[in-house]
Structure formats: structure tokens, C-alpha cells
Amino acid sequence: MRPIDRDAVSQVQAILVSQFTEAPAKDVAGLPHRLQDPLEDRFRWLLFVAEDQRTVVRGFALVAHAPDLNFCFLDYISTASPLTGGGIGGALYDRVREEAHRLGVLGLFMECLPDDASLCSDPAVQKQNRARLRFYERWGARPVVGTAYETPINPENPDCPPYLVYDSLGGKKLRRAEAKKVVRAILERKYSHLCPAGYVDMVVRSFKDDPVRIREPRYIIDTETIAKPRQVSLDRRIALVVNERHQMHQVHERGYVESPVRMRAILREIRKLGIFEELKARRTSLAAIKAVHDPSFVNYLQKVCEKIEPGKSVYPYVFPLRNAARPPKDLPVRAGYYCIDTFTPLNANAFIAARGAVDCALTAAEALMKGFRLAYALVRPPGHHAERKAFGGFCYFNSAAVAAHFLSAQGKVAVIDVDYHHGNGTQDIFYKRSDVLTCSIHGRPSFAYPYFSGFREETGEDMGKGYNFNLPMPEELDGKGYRRALEDVLARVKRFKPIYLVVAFGLDPAKGDPTGSWSLDFKDFEENGRLVGSLGLPTLVVQEGGYRIKSLGLNARHFFQGLWHGAGLGKQNDSAKNNLAQRANTG
């Protein structure tokens, strides 16, 4: 559980204690365990919190989902105090209904104390109950009538037994057979320790109407005021941060495939999904870059790029293999001291664009820390070939590695590189660390850049021994073969149990990519995304390679569609088992 989730749960526990004085102490104390242990009591528990910009919880809703019987039960919904409503309760109930819609359940059930004077003797309590029932009636949720559900469990304390309230979510009427199963589940799973012998059977038998009768509207007559569920709420969106500075880094030499059109092709397609929340990149300190890259290397890139004439490029051509300790004084000549190839140029805008890419990756990482489940840094230039002291492969700063190091302050991080080429830079940066697991699926070094790294026997050194995993693949590979490799990598990630996942996202495994030889199509990318999402981890995707413009956007769109559904944020699917605290930011 992320620190921000632990803090939210702690605040919810405090609200439970203050607002629900009769809530069992064991239920309050056991909330974190309940959220992390799916189906322990045959319910999958979902927690939604409404918080302000300072991550102070202003309200929450706790929902029990019964996958076996396909219904949801609203256990608690509350603001932090009666004076801080301001639409928070409505926003939370909207979000709960949206989730119920997504899960495809037959309805949303809850208990409400009665507004009937014959069942509730205290006029003040009656007034509170009427307000609560009026609130739910705005959405069409009303009490079930004609049953014995209101029969007190304890005859010695008969006052204010609860109604069973049903919200059809705008769907079909509730059938008797379905209602009986739901009622038995609610009473046995929640109140078995309180119900006397025969009580549950008596209540279940009392459901005789088919369909079940729901009380006529008593407070809201104009049905047009009933709220409709929103399409995609904030906590189900993917945070998207785009490097707006990327266009200044444009190399016009023939054959240079790392061009600005790549970004436009991806952005045009993924926006069609309607599942992204676009965030503006925050300018970050160079200290974050120097935490993973050698400071002298960072200073050199900044200095040399500032001195290059606009429109000109410097390519490395001298490499000091025999005397690496004495870098040349001439800055352009020194490029070979810090570079691994001859085709990655330095120009006036390279440093600015590369720094902008890091800003995007860190902003997207911060979005995960603030509650987003998924985030995407759409950047260029790419970064995974940039090592601690070297650039190359179109890469200057390793944005994914900078973000992974930043996230590692909160716990273990796994980085998986799904680019066609080996993530030599990420491997180099984390090779001696055990808190960051690095895994790379790539073409074998015998034929694929960067040629000198990516072998299976490279497993890490010192503290990092066993925390680097390379999976070099043959020159010809289809989607099925790739998925087997990805499943192997994801199994290792599961065993590592990280708190965050970073994906170095390459689209160059695609069929026809000018820098690769594999044959993945859009269906393969969607399935790969689904597999990654099914880990249920807060996941940051950082753009790396991919150069076939014709299919680039289509493949990206399908990857994120799969990732979104795999993470349980789309329609209900078998992999939607992540039940940590979900967030509904009310601003």
C-alpha cells in the first residue's frame, strides 16, 4: 500500500470513530487488512475518499462488492464533519454508482434508518433519517417494502430498525430470487454474530413479491433530477504528461528516425480513448537528474549544448578507450568521452528537451504518489540507453530511471523495459542496488543495439546481485512468443513485491518498425497492456522508442486500453482485483 493510501485509510478510521460511535472497534482497526485481503469475508472491499489539495480526507465511502452474487452494498458514506458537506457526499455517491455500473452488478444496496414514526420514536432522529432518505432518493434509491427486513434483531431494543434501500442504477426491476440471495448474504456475512437462530430464514422468506416492491418516491417527485453516472471519474483516469519542449529537438539529417511526428501520432490516437487526465509538467531541479547521472556528465551536456550554434549538430567521433581518465579539453571532441555511439548528436536544444522529458516523468511519478493508479509520460527524446556517465541511442537523460529513483524513496520499485532494444542505461544505473528490480525484454545483443549489453548472465553486482534480469529474444518473434517472455518478467515482479512499477515503453517491437525485426500488432500491444495492468500496481509508463509512424498511434492506443482494463479501471474483468484505497479528488 502506498504511503498516500495508508494516510488516507488512517484518516478514514478517524472519521469512522468520530462520526459512527457505534461502529465496532474491530471493524475500524481491521480496515487496512480488509482492504488488502480480497474476499476474506466473501466481500471485496472498496474504499473511496474525497480529499482536498492538501490530501486531507473530507469524506469517504466504503463499499462491499460480492462477486459471487453480483451486487454491491454501501456500508458507510460520510463527510469528515457535518459542516464540511459542500457536495462531497453527492460526489462520493456518484462515484460509488459509477463503480457499481462498471462492475455490472444487479444493483446497489444499503441500510438506512426509518423515517416512519411507528419505527422511530425520536422526532430529531426522524428528521435526520428523512434527510438521508431524501438524499438517496435523488438517485432513485428507495426502501424495499412489503418484507420483514425491518424486524429488530434484538426485541429488547426495537427502536429504529433499518430499511433495506435499493438503487437499481437505472436498470431493471429486482427479481425475488435475486433479492433473497442478496438479503441472505448481507445478513449472514455482516450480522451472523448478532442474528438469533431462525432470524435470517424468516427475513428471507418474507420476500414474496416478484418483482420486489420499492417504495414510491416520497421526497423527490421530479425524476429528471436523478443523477446519471459520469463516464470516467478522475480516479479512473490515466495521468498524462506531455513534453512540450520536445519539438525544439529536431534533427534534420537523413535517416534520423527520432522525430517530433512520433509524439503527434501517439497523442492523436490515445486521446480518442477519453481516459486521460492531462497534467502540465512541473519544472524540477537538476538535483533529481544528478541523483542517477554523474554530475560531471550532466554539467558537460548542459555546457556543450549551450555553446553549439543553433541548427548545428555535433556527433561523437573520438572515443578515449585507452585513456578514459583524461577527457579532452575541447567540448565537441569530448562528446566521445560521454557517448556510446556515433549517431546521437548534441545540439543547442538537446539538453533542454532532455531535461523537459525528465520533468514530465517526475511530474507523472508525483501523480502516482498523489493517488493516480496509472500515469504516462509521453516524452522525447527517449532515455533508457542513457547510462550514469554516458548518452547514446538518441537518449541523453534516463527519464524512467530518474522517476524510479524518485519513487524508491517510498519503497521498492520495479522497472520493466519493453522496448525492442536493451535498456542498458537503466541496468547500469541500478546494477548494484537491491531496492530497484530491473527487467528488460529485447533483441539479442548479437544483432540488436546496443550490442555490448543485455546478456542473461548480467544479473547485478554487490547488493544488486539477482536484481537485474535480461531476457534477450531471437531476431524473429511474434506476439505469442513475446507474451511468454512478458509473463516471465511479470512473475518476477510479483515475487519482488514492489510498491511502484515503471514501464520503459517501447513501441518498436511492432511489425515493420525500421529499427526492429519483430512482428507485434495492435492486438498484441493491447494484450501486453492488459497483462501489465493486471499486476494491480501503481504504474508509470515512460515513452521510449517506436518509429513506424503508420502504426505508432494505433499500437499505443491499444496498449493503454489494455492497461486501463487490466488495472480494473474499465469494465469488469477477471483481473480487477485491486482493492486498495481508490480516490475521488474533489479539489
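Every number in this text was worked out from the coordinates using simple rules, so none of it is lab data. Not measured: the values here are computed from a predicted model. Note that each Cβ is placed from the backbone with ideal geometry, even for glycine, and that neighbours are counted across all protein chains shown.
Values for this structure:
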| read-out | value |
| --- | --- |
| Lys/Arg +1, Asp/Glu -1 at C-beta; the chain dipole; positive extreme among 110, 212, 263 | 263 |
| Per-peptide average of other Cβ atoms within 10 Å, ordering 116-129, 7-20 highest first | 7-20, 116-129 |
| Rounded to the nearest 20 debye, dipole of the range 234-574 from Cβ charges on Lys, Arg, Asp, Glu | 660 debye |
| Length released on extending from residue 216 to residue 176, taking residue separation times 0.36 nm less the Cα-Cα span | 12.6 nm |
| DSSP-assigned coil residues among trypsin sites (Lys or Arg not before Pro) in the range 453-514, each with at most 14 further Cβ atoms within 10 Å | 456, 465 |
| Cα→Cβ-extended label distance, 7 Å offset, between residue 410 and residue 125, nm | 4.3 nm |
| Net length gained if the chain between residue 22 and residue 157 were fully extended (0.36 nm per residue, minus Cα distance) | 47.1 nm |
| Span from the the range 473-540 Cα centroid across to the the range 72-134 one, whole angstrom | 43 Å |
| DSSP loop GluC sites (Glu not before Pro) with at most 10 other Cβ within 10 Å excluded, longest remaining stretch of the chain | 254-456 |
| Quotient of C-alpha Rg and 2.2 N^0.38 Å, computed over the range 120-221 | 1.12 |
| Residues whose placed amide H lies under 5 Å from that of residue 422, excluding near-sequence neighbours | 443 |
| Acute angle (nearest 10 degrees) that the helix 350-369 long axis makes with the longest principal axis of the chain, alpha-carbon atoms | 20 degrees |
| Options 314, 353, 396, ranked by Cα towards positive dipole end of the chain, top entry (Cβ charges) | 314 |
| Cα pair distances in the chain, grouped into 10 Å bins until the bin that holds the longest one, percent each | 3, 16, 24, 20, 14, 11, 7, 3, 1, 0 |
| Size of electric dipole in the chain: Cβ of Lys, Arg +1 and of Asp, Glu -1, about Cα centre, debye, nearest 20 | 720 debye |
| The chain: calculated mean residue ellipticity at 222 nm from DSSP helix runs of at least 4, using -39500 (n - 2.57) | -10500 deg cm²/dmol |
| Rounded tilt (10° steps) of 295-307 against the dominant C-alpha axis of the chain | 70 degrees |
| Computed lengthening from residue 264 to residue 480, 0.36 nm per intervening residue step minus Cα-Cα distance | 74.8 nm |
| On Cα atoms only, tilt of 522-533 relative to the major axis of the chain in degrees | 70 degrees |
